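Down below is the structure, laid out as structure tokens.
Since every read-out is calculated from the coordinates, none of them should be taken as a lab result. Since the model is a prediction, treat every value here as computed from it, not as a measurement. Please note: Cβ atoms are built from the backbone with ideal geometry, for glycine as well, and neighbour counts cover all protein chains shown.
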Amino acid sequence: MKLWMLFTFPVLLFFVSCSPALNIRSDYNAEGFNINQLKGSSARLYVNPTVELLEFKISFASEYQTETKFVSKFINEIKDTLSKSMSISTKGLDGVEEIFKAKLAPNHKNEKVKTSLEKVDEQFFIMISKIVISNSYSSSSPHYMPSTTVSTPSGPMTVGGGMSGGVQIEKCVVTINAEVWSVKEKKKVSRFSAFGDKGVSFFMYGTALKGAVDDAMTNFCSYFEVNK
């Protein structure tokens, strides 16, 4: 990470529907399925306990200590928010790794996955398969500032002028990759990614990390509420 970043500039990566805008990329929805169908339903939540930490490693250790503590906090906050619109369980699931590892076409039937989902009492299974913490850079171009002529006792004097600006800005970027499975149909019905970002201001990397995590979680949970 570079140590000369200034200011915070929000950038919208993706847009879902018209209002409000969310940082979401939808990769797949089964025919006839809409994410709003989870409102008022019951769902079991699973979060991959391994975080893909590409950047902000020192800040991560400082703010969260371990992956285990981070994921535990992450699960609790996601559960608390989603519980406002659906019944959420975080009970364990034998064989969940089979679903996690399944790189299948959405409608492909897999016996191991079917067996795992038969043990789920809820209507849906929400799986966060990957949390990625990375960074991005953007630059503002320098621009020319014209000089100004001012009057002085000694006569006119030209002041100012020249090139100004031109800084590189670093952001912490958090990506949440998720899938939704229909327990009744034993198949994947949605796959999407939620994004969050926060600019590094005055070398406050920990603040940027926590802000990006919060932003990603907010967008993830809001997707179930506002997507049409």
Placing each pseudo-label 7 Å from Cα in the direction of the beta carbon, Phe202 and Tyr28 end up separated by a distance in nanometres of 4.6 nm
Over 22 Å (Cα to Cα) among Lys91/Lys210; Lys112/Lys188; Lys112/Lys184 -> Lys91/Lys210
Of the residues Phe195, Cys221, Asn177, the Cα lying farthest along the dipole of the range 168-225 towards its positive end, which is defined by charges on the beta carbon of Lys, Arg, Asp and Glu, belongs to Asn177
If amide H atoms are modeled at 1.01 Å from N in the peptide plane, then the residues at a separation of 5 or more from Asn23, or on another chain, having amide H under 5 Å from its own are Phe195
Restricting to aspartates and glutamates and to Cα separations under 19 Å from Lys171, and discarding same-chain partners fewer than 8 apart, the set is Glu52, Glu55, Glu63, Asp197, Asp214, Asp215
